Structure formats: C-alpha cells, structure tokens
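S.K.: I'd like to ask you about the structure that follows.
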Amino acid sequence: MATENRVHFWRRNAKVPGSVQPVYGAQHPPLDPRLRRTYPKDTKPKFNNIKSKKASSFHEFARSTNDAWDIDDEEDEDFLGIPAPTSSLPSGPHSTSTQNQQQQNQADDTEGEMSPPKTDGQTPQDAQEEDSECKHVNGKVVKSNSEAQLNTSSVRLTLQKQQSLPVRPIIPLVARISDQNASGAPPMTVREKSRLDKFKQLLASANTDLEELRKHSWSGIPREVRPITWRLLSGYLPANKERRELVLKRKRDEYFGFIEQYYHSRTDEHFKDTYRQIHIDIPRTNPLIPLFQQPAVQEVFERILFIWAIRHPASGYVQGINDLVTPFFVVFLSEFVTEHVENFDVAALPLETQRNIEADSFWCMSKLLDGIQDNYTFAQPGIQNKVKALEELVSRIDEDIHNHFKKYEVEYLQFAFRWMNNLLMRELPLRCTIRLWDTYQAEAEGFSHFHLYVCAAFLIEWRKEILSMIDFQGLLMLLQNLPTIHWGNEEVGLLLAEAYRLKYMFADAPSHYKR
C-alpha cells in the first residue's frame, strides 16, 4: 500500500527530486520540461495526449516568449532541433506504441503538406535548416517553411507561441531595423505612394507648412523622407528651404567645435567618471544589432553622449540616455543605405558623411532631451511624476488591472520606470520605436506628455496576460519581458490610436484623471 502511494505521489507531482528544473534568467530561454527527452520511467508524459489547461500561467507565458531570448544559443538544438535516436528510447511495449503513434501523426500531417515556395538564392543548407524546423513542440508537429511566412498574420498567430526563431545566417527579427508591417504587406501600395508624393510636395515648397507636415506625419512617415522630416519636426532645421543648407553647415561646424574644445577633457578628474559610465554603457546599447557593435559607431556615441553631458551639468549623463541616440542615428544613416542597415559597415562611408550623421544625431537628440530633461536631473522627478500619473490613469481606465497589481503588491515603479526612462525602447524592437517616434515628433509634447497615454495603452494591451498571472514573480517577469518581437507598423498604429483615444478622453478632463 505504501509503495502504491509513493508511485501515485510521483505521478501527481512533476518535480522529481534530482531532475533538472527550469531556471529563468536573462541569458537562456526557459526550460520546458515537456521538451526534454529524459524522464523517470513513471513520469514520462505522453506527447500526443498533453493538455496545457492545468499548466501554470507563468509557464504559459514562458513558452509564449521563447523567441524573446537569445536565439543564437546552441542549446536550442537540444530542445527543438535534433530528435532523439531510436536506440536512446526505453525498450518495451510503451516505446513501440509511442513510436507508432508518432509515425501515424507524421503520416497524417504529410497528407496536407505542400512543398513551400522557395525564395531566391536558397541553398541546400537553408532547405535542410527549414526541414529541421518541423519538430515536436508541446506535443505537436510544428512546421516553419520560411521566415517570410512567419510574418504573415495567419501563420504568425499560431506559431508565435509555439516556436523559437530559427537560427539563420541573416539578422534575426529581434535585430531587424527596417520598418515593416507584421502582416508582410507590400512595401509600397498606391496609398503609400500617394502619401510619399504629398510629403515630397510639402518638403519642396519654399516655406514648409510645419502644421500640415505634422498632420501627415502622425500616421507614419515614409522611409524615403523620414530624415529630412525628423530634422524639421524636431526644430533642428528651419521651415525656409533656402536657409537649410546654411543652418546645417553652421550647426555641424558648431558640434565639431565642441569636440575640439571639450572631448580631450574626458580623462580629467572632474569628467572621468562620466566618461567611464558612458564607455561602459555603449556596448550594451542594442547588443543584438551588429551595427551598434562596430568600433566606429561606438566612438560616435561616446562623443555625442559626452558632449551632451558636459553641456548639461544639471543632469549630466544618466543611464538610458544612450538608447535615445539610436533612432536618430539609424534614420540619418538610412539616407545613405537602402537596405540591411543592421549589417552596414559605417566605416565604408565617406568621412564627411559620417561627420554629418554624427552632428545631426547630436542636435536632434538634444532637442528631444530639452523637453524631458527633468527625467534625468537629480532623483529624476520627471519620471517619478509620470509613473504616478500612469498609476492614476490606469486606476480610472481599467480598475481590474489596478486592483490586480495591488493584490499581488506590484508597484508601478518596478516596471514603468524603465518605460519612462527609455521611452519604451527596451520593450519594443527598434523598427517599432522609429515608427512610434514619427508620431511623437508630430504630436505636441509627444515625448513629454503623449508618451504617458502610450504607456497606458501599452499596459492595457496585455490585459489578458496580466490578469492570468497570479503571483508577484510572474507579473514582473511578464511586464519586463513583453513578447513584442513580432510587432510591426500595424501593431504600433493600433497602440497609438488607443493612446490618442485615452488622451482625448482624459487629458482635458482632470476629474476623470484623478480620484
């Protein structure tokens, strides 16, 4: 009787003493015990009969965000890549029935399986990699034909929660900068061409109508005209077309005058701590994107951040400001690079072009920070106030989420501080940040005021997932690792529309905003 109780106990409990348990961290993907191939004899699950209804909500979240972890980790092969050899399976009737069942499943799947369309330049190695992607995940055979198909809305919804991104010799989705629609829409539709023509018409006029330009920029700026539009909307360039060249030359010369005057002082006793912190933070900026790991680019960032810090002694350099340079740098670089900005060797550009990109990035970042500098002064009061305002706003918009946080003692400061400090750059892919900033540049007080409503809409976007978490750790893990890797222009557009609705309802109605 005691033996039977012990057997039933181990069958009821998934955590077997001595077995490997999931370890969650920032460097490796969560370990799903059901994907492992070695189990105690009495606890080996039947893959074809797995039901995930009783799985904990945190495990569901972990599985849904497999693609948000390091995708180059060779350990992925152990989990999703190579099937176990037949000889390693336990022998006996159970083994035979399991193999037969798997063979039957594969036969059933083959009936409806068509040869995937092959992309140009596909090599046999690529084909082999695609074939190897059909694996048992969560007890199902998951097929991934190509990365292009992952961007289609029909496939994306089913595969996003079941499969990690495949290891390919190209830049992974998380590091892709080029703005795109998640649905894989054509790069240029008739409507988009019409919008581009309208932008060109506005920019070609002798005196650009900035209000009209903001109106058209709110819903996104075409890539071809984004650099000049950002310069105008940030206040870096004048609306008068004849004066632009003179202003550009004067401001660029002024910036490099600062370099000659101040940059040598980075080793002085008074500034060496500032420079040291900048030097440490730069390699951490977008570490998955090769562009930002180039020595030439890192030197550009060091100069920009150091000059800005010593010219703004009230705040100096604060961690997080390094992220705010990257969208400007990428946008101004895109004037000279048509595609694959992620891999472009900046050192291949003429020196004068490199200098112009650096100076323009500095001045536009300075214009941005002028409006939110209280975010980075002592004790960062601007961020403290914005987080408090977010808490008040969410309590009026969605009381269920607000009470859920209170129940599990989650403080808004624990997750929203980064949202305000980095303007959601750590939560969204860079391509989404660039699209988001199109609207911020067009919106009055976009970075300082409208961003609050974007954060509120962003939080409500994950309402279902938040309410499904029933512990403090699970909530924080979710809020700090939201699965936005597949986001594109469409998702950002919907987020901005919801943020505008919230602003329209609450910005001019303080009684709605406060308790």
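The values are calculated or read from the model by the stated rules, or taken from the named source; none is laboratory data. It should be emphasised that the depicted structure is a prediction, and the values quoted were computed from it without experimental measurement. All Cβ positions, even for glycine, are placed from backbone atoms using ideal geometry, and neighbour counts span all protein chains on display. Note: accessible area is taken over every heavy atom of the protein model, side chains too, but ligands, DNA and RNA are not part of it. Shrake-Rupley method; radii C 1.70, N 1.55, O 1.52, S 1.80 Å.
S.K.: For Gln294 and Asn481, calculate 0.36 nm times their separation in residues minus their Cα-Cα distance, and state this gained length in nm to one decimal. Don't skip to the answer; put the middle values down first.
M.R.: Values: separation 187, 0.36 × 187 = 67.32 nm, distance 2.66 nm.
Answer, rounded to one decimal: 64.7 nm.
S.K.: Convert each backbone phi in the stretch 342-353 into a coupling constant with the Karplus relation 6.51 cos²θ - 1.76 cosθ + 1.60 (shift: θ = phi - 60°), then list the ³J(HN,Hα) values in order as whole Hz, x for Gly and Pro.
M.R.: 4, 9, 5, 8, 4, 5, 6, 6, x, 4, 5, 5
S.K.: Hey, with R₀ at 22 Å, roughly what FRET efficiency would Phe472 and Arg426 work out to, going by the Cβ-Cβ distance, to 0.05? Can you show the working numbers first?
M.R.: Numbers: r = 21 Å, r/R0 = 0.94.
The pair Phe472/Arg426 has a calculated efficiency of 0.60.
S.K.: Order these peptides, 280-286, 345-351, 380-386, by their mean beta-carbon neighbour count within 10 angstrom, highest first. Working shown, then result.
M.R.: Numbers: 280-286: 16.1, 345-351: 12.7, 380-386: 17.7.
Ranked by mean Cβ neighbours within 10 Å, highest first: 380-386, 280-286, 345-351.
S.K.: Using 7 Å Cα-to-Cβ label points, what is the Ala507/Asn343 separation (nm, one decimal)?
M.R.: Between Ala507 and Asn343, the label points sit 4.2 nm apart.
S.K.: Ignoring ligands, DNA and RNA, what percent of the accessible area of the stretch 382-515 is carbon or sulfur (1.4 Å)?
M.R.: Values: 2700 of 5460 Å².
The computed percentage sits at 49.
S.K.: What is the percent carbon and sulfur in the accessible area of the stretch 183-326, measuring with a 1.4 Å probe over the protein chains and ignoring ligands?
M.R.: Result for the stretch 183-326: 52 percent of the exposed heavy-atom area is carbon or sulfur.
S.K.: When the Cα centres of the stretch 398-425 and the stretch 228-253 are compared, how far apart do they sit, in Å?
M.R.: Each part reduced to its Cα centre gives a spacing of 39 Å.
S.K.: Between His449 and Glu391, what length in nm is gained on full extension when 0.36 nm per residue of separation is reduced by their alpha carbon distance?
M.R.: Length difference between fully extended and current span is 19.4 nm.
S.K.: Let me ask something else about it. How large is the accessible surface per residue of the stretch 378-471, computed with a 1.4 Å probe and reported in Å² as a whole number?
M.R.: About 38 Å² of surface per residue is accessible.
S.K.: On a C-alpha basis, how far is the centre of the stretch 457-499 from the centre of the stretch 288-344 in Å? Whole number, if you could?
M.R.: Going from one Cα centre to the other spans 27 Å.
S.K.: Could you pull out the GluC sites (Glu not before Pro) across the stretch 324-427 that fall in loop regions by DSSP (anything but H, G, I, E, B) with no more than 10 other Cβ atoms inside 10 Å?
M.R.: Here the GluC sites (Glu not before Pro) that fit, given the DSSP loop and packing criteria, are Glu339, Glu409.
S.K.: Would you please give the FRET efficiency between Lys200 and Glu260, computed as 1/(1 + (r/R0)^6) with r the Cβ-Cβ distance and R0 = 45 Å, to the nearest 0.05?
M.R.: Once the sixth-power term is evaluated, E becomes 0.75.
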